[in-house]
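In what follows, a structure is listed as structure tokens, so that the remarks can point back to it.
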Amino acid sequence: MNQGFQIGKQEWLSFLLKQTGDYNVYVPVKSSNSIEYELFDNNRKDIAFNIAKPVTPLKTFFLPVKENVIIKKSIHNKNIIVGIPSCDLAAIDLLDKIYLDNQFVDQSYKINRENSILIGADCFEVQEHCHCVAYDINPYPEKNHDISTVSLNGEIIIFVQTEKGQELFQNLKANNTVKEAESEKLKQIEAKRKEVKEILKKRNPALPNYKKTGELISKSKDDIWEKHSKTCVSCGACATICPSCTCFLLIDRPDFEKVRQLDACQYPGFERIAAGEDPLGKKILRFRNRYMCKYVWKPDKFNSTACTGCGRCIESCIGNINKNEIFVEMEGKKSKK
């Protein structure tokens with residue numbers, strides 16, 4: 001664990017409020033049954049500290065649902081995004097490899113990334129379908145963030161990770177009472193992290209790991225996809241809410257505008273080409289394609305995990321499709337042979 005610092009929670013919130021003059025400051029807010037990022041203001045009292053997870057994935061700040069990608073006509077806000085869960089931070093590995101490739105840098109994505117200060121947060125409370133640890137991702141920030149925070153007994157414990165984070169931290173120290181974190185608090189954080197990991201491990205004891213899942217999908221037969229795709233309505237929620245799925249359409253507009261719009265492989269016509277040919281015209285093929293992409297093709301091409309175990313696809317599916325149940329069933333069938 002890196003060196004930690006602590007500040008009173010109210011001082012931390014007052015500091016964030018002061019940043020709203022230069023940044024859009026987004027904080028996770030808890031409503032009746034969900035958590036969502038909201039702009040921070042003086043009346044915001046319902047911030048969710050260390051609770052998994054905002055409905056909206058982090059990718060939306062870098063890849064908006066609809067965006068004009070002609071840079072001169074685009075709006076790129078300066079953001080501070082607070083309370084980012086580890087599953088979303090892990091997904092940045094793949095996004096950066098796709099959109100910041102040395103040969104094909106996506107300028108819009110690059111500017112949105114550079115304009116954002118990312119503040120990660122431990123998950124001390126998890127949701128039913130969280131399964132990050134099954135894919136070797138811990139429920140606390142380890143990479144792709146500038147600062148991470150833990151709320152503990154009226155204090156905010158801060159860990160600085162990058163130069164960008166250090167600059168914000170120095171600004172914090174200049175006008176606030178910040179001291180080195182007490183060793184007892186750091187021990188409490190370590191103990192809580194271990195506790196949450198154990199809870200997550202017990203949630204899905206039969207779920208195969210990421211690599212094994214890819215192998216099972218590659219060898220799978222049509223019957224299991226036919227069975228589980230029956231209730232799929234091709235709404236695309238699983239792909240659009242996923243922190244690492246980023247397929248898009250590029251739409252030409254008058255005056256040479258180009259608009260990037262989020263797309264999803266579950267939509268009918270996703271791969272329709274000239275003369276009406278459609279390699280994924282059948283629902284079962286689109287259904288299987290998504291899992292092949294996430295567990296076989298993307299890790300092979302980018303050497304990166306394309307599912308970080310957030311569980312959003314399960315929670316958003318109106319067809320009640322649970323991908324983890326599919327993979328456990330695949331593993332069960334194999335073990336019986």
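Each value in this text was obtained by applying a stated rule to the coordinates, not by laboratory testing. Please read these numbers as outputs of a predicted model, since none were measured by experiment. All Cβ positions, even for glycine, are placed from backbone atoms using ideal geometry, and neighbour counts span all protein chains on display.
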How many angstrom separate the Cα center of the stretch 1-75 from the Cα center of the stretch 169-211?
19
Given Cβ charges of +1 for Lys and Arg and -1 for Asp and Glu, the option among Y23, N138, N171 whose Cα lies farthest towards the positive end of the dipole of the stretch 4-203 is Y23
Extension gain S32-T162, at 0.36 nm per residue separation less the Cα-Cα distance, in nm?
43.3 nm
Could you give the length gained by full extension between E182 and E215, i.e. 0.36 nm per residue of separation minus their alpha carbon distance, to one decimal place?
7.3 nm
Could you tell me which trypsin sites (Lys or Arg not before Pro) in the stretch 232-289 are loop residues by DSSP with no more than 15 other beta carbons within 10 angstrom of their beta carbon?
R272, K282
Dimensions (Å) - the stretch 4-203, Cα atoms, principal axes, largest first
51, 43, 35
Once you've got the Cα coordinates, tell me which of K227/K282; K9/K179; K187/K211; K30/K59; K143/K194 are over 22 Å apart.
K187/K211
Which value, in debye to the nearest 20, describes the size of the charge dipole of the chain about its Cα centre when Lys and Arg Cβ atoms bear +1, Asp and Glu Cβ atoms bear -1, and nothing else is charged?
1000
Residues C317, C87 in order from fewest to most other beta-carbon atoms within 10 Å are C317, C87
Note to self, the chain gives a 222 nm [θ] from helices alone (DSSP H runs n ≥ 4, -39500 (n - 2.57) apiece, / all residues, nearest 500) of -11000 deg cm²/dmol
The stretch 154-289, relative contact order [Cα under 8 Å, separation at least 6], %:
14
Taking only Cα atoms of the stretch 186-249, radius of gyration then Dmax in Å
17.5, 50
Relative frequency of Cα-Cα separations exceeding 29 Å in the chain, percent
43
For the chain, calculate the relative contact order in percent as a whole number, restricting contacts to Cα pairs under 8 Å that are 6 or more residues apart.
21
Around E11: net Lys/Arg minus Asp/Glu count, Cβ-Cβ under 14 Å
+3
Under a Cβ-Cβ cut-off of 15 Å, what is the net charge of the residues other than N33 that fall near it, where Lys and Arg count +1 and Asp and Glu count -1?
-2
Taking 7 Å along the Cα-to-C-beta vector as the label spot, tell me the D136-E325 distance in nanometres, rounded to one decimal.
2.9
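What FRET efficiency would be calculated for the residue pair A274, I111, taking the C-beta separation as r and a Förster radius of 25 Å, to the nearest 0.05?
With a Förster radius of 25 Å, E is 0.15.
For the stretch 106-161, what number results from the quotient of the Cα radius of gyration and 2.2 N^0.38 Å? Intermediate values should be presented prior to the final figure.
On the way: Rg = 14.0 Å, N = 56, 2.2 N^0.38 = 10.2 Å.
The stretch 106-161 yields a ratio of 1.38.
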Which trypsin sites (Lys or Arg not before Pro) in the stretch 166-226 pass both tests, a DSSP loop state and at most 11 other beta-carbon atoms within 10 Å?
K221
Which one of V160, M292, F49 is farthest out on the positive end of the charge dipole of the chain, using unit charges on Cβ (Lys, Arg +1; Asp, Glu -1) and the Cα centre as origin?
M292
Apply the Debye scattering formula to the stretch 89-182, with a single equal point scatterer on each alpha-carbon and no solvent, then give log10 I(q)/I(0) at q = 0.15, 0.18, 0.22 Å⁻¹.
-0.76, -0.98, -1.18
Quarter of Cα convex hull surface for the stretch 210-331, i.e. mean projection, nm²:
8.7
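Taking only the alpha-carbon atoms of the stretch 39-104, what semi-axes of the equivalent ellipsoid follow from 5 times the gyration tensor eigenvalues under a square root, in whole Å, largest first?
For the stretch 39-104, the semi-axes come out at 26, 18, 9 Å.
Based on Cβ point charges of +1 for Lys and Arg and -1 for Asp and Glu, what charge dipole magnitude is obtained for the stretch 1-159 about its Cα centre, in debye rounded to the nearest 20? Please list the in-between numbers first.
Numbers: 15 positive and 20 negative charges, 104 e Å.
Using Cβ point charges on Lys, Arg, Asp and Glu, the stretch 1-159 gives about 500 debye.
Considering Cα pairs under 8 angstrom that are at least six residues apart, work out the relative contact order of the stretch 4-203 and quote it in whole percent.
Across the stretch 4-203, relative contact order equals 26 percent.
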